[in-house]
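Novice: Structure provided below as structure tokens; questions to follow.
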Amino acid sequence: MHHEFRFCPNCATELMPIAEMEDSGSKTRLRCPACGYTHWNNPTPVLAAVIELVDRDGQLLLARNAAWPGKFFGLVTGFMEAGESPQEGVAREVAEETSLTVDALAIIGAYDFQRMNQVIIAYHAVAHGEIVLSPELSDYRLFAPTEVRCWRAGTGYALADWLSARGHTPQWIDLPGRAGPASS
């Protein structure tokens, strides 16, 4: 969810674009003209999982978020919670959204998703169990690694990197009018 900050959380004065000197030079940010509060607007970390099912011949689980238009299937994603490591967070998200148990995690990489002001931290999650989707997900599909298609956005690049590292040539699809999905 992309929120617009308009008012100071300290004194409720309307924030204004104000330039100030910072380490890298003059930078315009939303600042409070009354108390000096700065809204940094730093990217939010989002966790993503390429889920490999050990008890289903190494197939990959891609899911469809109920909020997404069309028939797109993507990686299971979610926000990190305070007090948890990225590894704990991605295992929790996989369990919450699919009921699967994560047996092993390996980082794939970190990916830019500026459209949503997010940075995606992607993991390969080896998992097993019965798939039961949370209400946030409307459907899922299982794909052999050779069948899956990647998309040109953060999580799609993570999937492509995972496939390439295993000797597969990523196949690409173009999403009509979208830069790519992310969910909470």
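The values are calculated or read from the model by the stated rules, or taken from the named source; none is laboratory data. Because the structure is predicted, anything quoted here is derived from the model rather than measured. Glycine also receives a Cβ, built like all others from the backbone with ideal geometry; neighbour counts cover every protein chain displayed.
Novice: Within region 156-173, can you find the residues that are of a type outside the set (Phe, Trp, Tyr), assigned to a helix (DSSP H, G or I) and in contact with a Phe, Trp or Tyr (Cβ under 7 Å, 6 or more places away or on another chain)?
Specialist: The answer is ALA158, and nothing else.
Novice: Hey, another quick one. Between a first residue in region 111-129 that is in a helix (DSSP H, G or I) and a second residue that is surrounded by fewer than 22 Cβ atoms within 10 Å (Cβ to Cβ), which pairs have beta carbons less than 7 Å apart while being 6 or more apart in sequence or on different chains?
Specialist: Filtered contacts from region 111-129: ARG115/ALA179; MET116/HIS2.
Novice: Among the residues of region 72-106, which ones are touching a strand residue (DSSP E or B) at 6+ places or on another chain (Cβ under 9 Å) and of a type in the set (Gly, Ala, Ser)?
Specialist: GLY74, GLY78, GLY89, ALA91, ALA95, ALA104, ALA106
Novice: Being in the same structural domain as PRO135 (by TED's automatic domain parsing), touching a Gly at 6+ places or on another chain (Cβ under 6 Å) and among the hydrophobic types (A, V, I, L, M, F, W, C) narrows it down to one residue among LEU61, LEU100; which is it?
Specialist: LEU100
Novice: Let me ask you something else. With respect to THR77, is the statement that it is under 19 Å from ALA144 (Cα atoms), surrounded by 14 or more Cβ atoms within 10 Å (Cβ to Cβ) and at pLDDT 95 or above true?
Specialist: Judged against the criteria, THR77 is not a match.
Novice: Which condition does TRP68 not pass, out of (1) touching a Leu at 6+ places or on another chain (Cβ under 6 Å); (2) closer than 22 Å to GLN114 by Cα; (3) assigned by TED's automatic domain parsing to the domain that holds VAL132, if it passes all the others?
Specialist: (1)
Quick grid of which residues meet (1) in contact with an Asp or Glu (Cβ under 6 Å, 6 or more places away or on another chain); (2) among the small types (Gly, Ala, Ser); (3) under 23 Å from HIS124 (Cα atoms):
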{"position": "ALA12", "(1), (2), (3)": "no, yes, no"}
{"position": "GLU22", "(1), (2), (3)": "no, no, no"}
{"position": "ARG29", "(1), (2), (3)": "no, no, no"}
{"position": "PRO45", "(1), (2), (3)": "no, no, yes"}
{"position": "GLN59", "(1), (2), (3)": "no, no, yes"}
{"position": "LEU62", "(1), (2), (3)": "no, no, yes"}
{"position": "MET80", "(1), (2), (3)": "no, no, yes"}
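Novice: Name the pairs whose Cβ atoms lie under 8 Å apart, with the first residue in region 132-158 and under 12 Å from THR98 (Cβ atoms), the second of a type in the set (Asp, Glu), and 6 or more positions between them or separate chains?
Specialist: Close Cβ pairs (under 8 Å, with a partner that is of a type in the set (Asp, Glu)) amount to LEU133/GLU97; LEU133/ASP139; SER134/GLU96; SER134/GLU97; GLU136/GLU97; LEU137/GLU97.
Per-residue answers, yes or no, for (1) among the β-branched types (Val, Ile, Thr); (2) in contact with a helix residue (DSSP H, G or I) (Cβ under 7 Å, 6 or more places away or on another chain); (3) at pLDDT below 95:
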site: ASN65; (1), (2), (3): no, no, yes
site: TRP68; (1), (2), (3): no, no, yes
site: PHE73; (1), (2), (3): no, no, yes
site: SER85; (1), (2), (3): no, no, no
site: ARG92; (1), (2), (3): no, no, no
site: VAL102; (1), (2), (3): yes, yes, no
site: ILE120; (1), (2), (3): yes, yes, no
site: SER134; (1), (2), (3): no, yes, no
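Novice: Have a look at VAL102, VAL94 and point out the one that is assigned to a helix (DSSP H, G or I) and within 15 Å of VAL54 (Cβ to Cβ). It would help to see each step written out before you state the result.
Specialist: Details: VAL102 fails: assigned to a helix (DSSP H, G or I).
Within the list VAL102, VAL94, the selection yields VAL94.
Novice: Going through region 1-60 one residue at a time, which ones are under 30 Å from GLU136 (Cα atoms), in a strand (DSSP E or B) and of a type in the set (A, V, I, L, M, F, W, C)?
Specialist: VAL46, LEU47, ALA48, ALA49, VAL50, ILE51, LEU53, LEU60
Novice: I've got another one for you. Name the single residue, out of those in region 1-56 being in contact with a His (Cβ under 8 Å, 6 or more places away or on another chain) and of a type in the set (Asp, Glu), that is surrounded by the fewest Cβ atoms within 10 Å (Cβ to Cβ).
Specialist: The qualifying residue surrounded by the fewest Cβ atoms within 10 Å (Cβ to Cβ) is ASP55.
Novice: A further question follows. Only one of (1) surrounded by fewer than 16 Cβ atoms within 10 Å (Cβ to Cβ); (2) under 19 Å from GLU81 (Cα atoms) fails for GLU147. Which number is that?
Specialist: (2)
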